[in-house]
Amino acid sequence: MITVDLVDREGGVREALDEGRGATRAQLFRRAIIGGGTFLAGGLLIGGLPKLALGAPSASQDVEILNFALLLEYLESEFYIEAVAKNAIGGETLAFAKVVRDHENAHVAFLKDALGSRARAKPQFDFMDTTSNPDKFRATSIALEDTGVAAYNGQGPNLTKPTLAVAGMIVSVEARHAAWIRRITGKPRYGGSAANYPAPSVLEPSLTRAQVEAAVGKTGFIKG
């Protein structure tokens, strides 16, 4: 898990947090990115995914990456909202969906608050039968949560230190979601493939922008 202590070896983030006592995390996040000048809007790829043109970490690049993260959070949030509303899943799977729905809604609100007027609009989605078929719901949840964690990990080196520290507060929760739904899905088959376990690998993989675009684009969920 990324923590403030891990990424803030020089103490700058903790000093900012101490100075900002009483401020919300989103306000602290905004302070990290607000001074970066004009947001450099990228083009759009497959179904509304933003095309990132990345260079050295900077406040303006933070905004671009966070808007990319916001799109993924919109996707997850709307997926769980629809699944709960359709009421076609039950048991622990439904409990998972309700908790994660609330988490993803909070992540969306957090990122929108941090980005302010520079936050991208929410696109339209079509989840087909993945929100009404329990097996497809669980499989899709695993794919979305794994992709989200890997996407955050992949963009981590491109973020400035203060923004990376706060983004770590989101990615660690996303990793818990991935482990939870893997446990629900795989527990009848423990002892088989490592992919069935809550922690399927020694090191958490990361995905490049192109890999995330390909993975999300193949779902057909984002309609623009």
query: Any idea which of VAL202, VAL216, VAL212, VAL166 is surrounded by 14 or more Cβ atoms within 10 Å (Cβ to Cβ), among the β-branched types (Val, Ile, Thr) and farther than 26 Å from VAL84 by Cα?
result: VAL166
task: Filter region 190-214 for residues that are more than 18 Å from ALA178 (Cα to Cα), at pLDDT below 80 and either of a type in the set (Lys, Arg) or in contact with a helix residue (DSSP H, G or I) (Cβ under 7 Å, 6 or more places away or on another chain) (or both) and give the result.
output: ARG209
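One line per residue, one yes/no per condition, for (1) within 19 Å of GLU64 (Cβ to Cβ); (2) hydrophobic (A, V, I, L, M, F, W, C):
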residue: GLU92; (1), (2): no, no
residue: SER117; (1), (2): yes, no
residue: PHE137; (1), (2): no, yes
residue: GLY154; (1), (2): yes, no
residue: ASN158; (1), (2): yes, no
message: Would you confirm, using the coordinates I've provided, whether THR130 is touching a helix residue (DSSP H, G or I) at 6+ places or on another chain (Cβ under 9 Å), hydroxyl-bearing (Ser, Thr, Tyr) and closer than 30 Å to ALA59 by Cα?
response: no
query: For region 81-133, which residues satisfy the criterion of being in contact with an Asp or Glu (Cβ under 8 Å, 6 or more places away or on another chain) and modelled with pLDDT of 95 or more?
result: VAL100, GLU104, HIS107, VAL108, LYS122, PHE125, PHE127, THR131
Selection within region 71-89 - among the small types (Gly, Ala, Ser), in contact with a Ser or Thr (Cβ under 9 Å, 6 or more places away or on another chain) and either crowded, with 17+ Cβ neighbours inside 10 Å or closer than 14 Å to HIS103 by Cα (or both): ALA83
field: Boolean, PRO123 is in a loop (DSSP other than H, G, I, E, B) and in contact with a Gly (Cβ under 7 Å, 6 or more places away or on another chain)
entry: yes
- request: Scan region 104-117 for residues that are touching a residue at least 40 places away in the same chain (Cβ under 8 Å) and either surrounded by 18 or more Cβ atoms within 10 Å (Cβ to Cβ) or charged (D, E, K, R) (or both) and jot them down.
  value: HIS107, PHE110, LEU111, LYS112, ASP113, ALA114, LEU115
Condition check for GLU174: among the acidic types (Asp, Glu), modelled with pLDDT of 90 or more, within 20 Å of VAL84 (Cα to Cα) and in contact with a Gly (Cβ under 9 Å, 6 or more places away or on another chain): yes
field: Count of residues meeting criterion [closer than 23 Å to GLY224 by Cβ and within 15 Å of the chain's Cα centre (by Cα)] in region 121-162
entry: 8
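The values are calculated or read from the model by the stated rules, or taken from the named source; none is laboratory data. It should be emphasised that the depicted structure is a prediction, and the values quoted were computed from it without experimental measurement. Backbone-built Cβ (ideal geometry, glycine too); neighbour counts: all protein chains shown.
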